[in-house]
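The values are calculated or read from the model by the stated rules, or taken from the named source; none is laboratory data. Source: prediction; values computed, not measured. Neighbour counts are summed over all protein chains in view; Cβ atoms, including those assigned to glycine, are modelled from backbone coordinates with ideal geometry.
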Amino acid sequence: MLRYANLLYVQVRASMLLALQYRQDFVIEGFVSVLWAATALVPLTVAYGQRRSIAGWSHGEALVVLGFFILLQGVLEGAINPSLVGVVEHIRKGTLDFVLMKPADSQFLVSTTRFLPWRAINGLTALAVFVYAFLNLGRAPSAAGVLAALVLLGAAVLLLYSLWILTVSAAFYVVKVDNLTWLFGAIFDAARWPSSVFRGAVRAVFTFVIPLALMTTFPAQALLGTITPLTLASSLGGAVLFAFAARLVWLQSIRKYTSASS
């Protein structure tokens, strides 16, 4: 574990130094991240402009869901997407050999190739949204709620990463997965809304097939103190199950890989 922690430190440090070589771009990208997070408030503000609650969620409660969405969007765009999208190019060109030959786990290496440091600003923006949300609610979250929310946030990051591994693994079998990655991004955009907003089959899909509810709604419920122990336990179990499935799919996929020299 210490060895992989050192490898992760080296990768993050290299990404940070690369970003600081172009400081103006670093500042501009950081500003764009803040602007994007601010525009994410617009649909919610419009939706609650004429009503006090939607699907049992008040404006302040829905803001908590949005806060987790902004936070996870930063994780996706800053820590997950940059590295794993590069895997697709390696597979197309047959140059993944350079990764597979290194004396470390291939999934770890492809997942930590590149980071976008300015996306960390999303964390600060999400914190501002949380503060605004609880000011709107007129109360503060409990210590137990914060702890449960942090646990579920970890599960949400694990789940988001696992789903992305499953998506990228499709590149071993098909020529182009660009449409899949764009589709995944479009679907993830629905996570800005509480899961109870959706009805019927769509709600079932966003709860069990592509568990957007686990990513944003359940952590929000934990922070608000309304989540049940059963939901908390099943969320953790579901995240671990998806991670296990993603690991099996990745191992099976690299066995199918054909290099440029093959």
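A few comments on the model shown:
- Checking each residue in the stretch 114-133 for being buried (at least 19 other Cβ atoms within 10 Å of the Cβ) and either under 27 Å from Pro229 (Cβ atoms) or more than 16 Å from the chain's Cα centre (by Cα) (or both) picks out Ala126, Val129, Phe130, Ala133.
- Among residues of the stretch 132-148 that are free of Cβ contacts under 8 Å to residues at least 12 places away in the same chain, those with a Cβ under 7 angstrom from a residue that is assigned to a helix (DSSP H, G or I), sequence gap 6+ or separate chain, pair up as Ala140/Phe134.
- Residues satisfying the stated conditions in the stretch 209-232, i.e. over 17 Å from Trp193 (Cβ atoms) and either not in a helix (DSSP H, G or I) or not aliphatic (A, V, I, L, M) (or both): Gly225, Ile227, Thr228, Pro229, Thr231
- Just one of the listed residues (Leu100, Leu63, Leu96) is over 18 Å from Lys256 (Cα atoms) and out of contact with any Asp or Glu (no Cβ under 8 Å at 6 or more places or on another chain), and it is Leu63.
- Every condition in (1) surrounded by 12 or more Cβ atoms within 10 Å (Cβ to Cβ); (2) touching a helix residue (DSSP H, G or I) at 6+ places or on another chain (Cβ under 7 Å); (3) at pLDDT 85 or above; (4) of a type outside the set (A, V, I, L, M) holds for Phe26 except the one numbered (3).
- For the stretch 159-181, the candidate set comprises residues that are in a helix (DSSP H, G or I) and at pLDDT below 75; within that set, the residue that is surrounded by the fewest Cβ atoms within 10 Å (Cβ to Cβ) is Asn179.
- Residue-level check: of (1) polar (S, T, N, Q); (2) under 18 Å from Val197 (Cα atoms); (3) crowded, with 17+ Cβ neighbours inside 10 Å, Thr45 misses just (3).
- Test: residue in the stretch 44-65 that is over 25 Å from Leu127 (Cβ atoms), touching a Leu at 6+ places or on another chain (Cβ under 8 Å) and among the hydrophobic types (A, V, I, L, M, F, W, C): no
- All of (1) among the charged types (D, E, K, R); (2) buried (at least 17 other Cβ atoms within 10 Å of the Cβ); (3) under 30 Å from Trp250 (Cα atoms) hold for Asp97 with one exception: (2).
- Selection count where residues are of a type outside the set (Ser, Thr, Tyr) and within 16 Å of Ala40 (Cβ to Cβ), scope the stretch 188-222: 11
- Identity of the residue in the stretch 241-262, closer than 10 Å to Phe172 by Cα and loosely packed, with under 11 Cβ neighbours inside 10 Å, that ends up modelled with the lowest pLDDT: Thr258
- Screening Gln221 with (1) surrounded by 20 or more Cβ atoms within 10 Å (Cβ to Cβ); (2) in contact (Cβ under 8 Å) with a residue 24 or more places away in the chain gives one miss only, at (2).
- Ser195 fulfils the conditions (1) within 29 Å of Ile254 (Cβ to Cβ); (2) over 16 Å from the mean Cα position of the chain (by Cα) except for a single criterion, (1).
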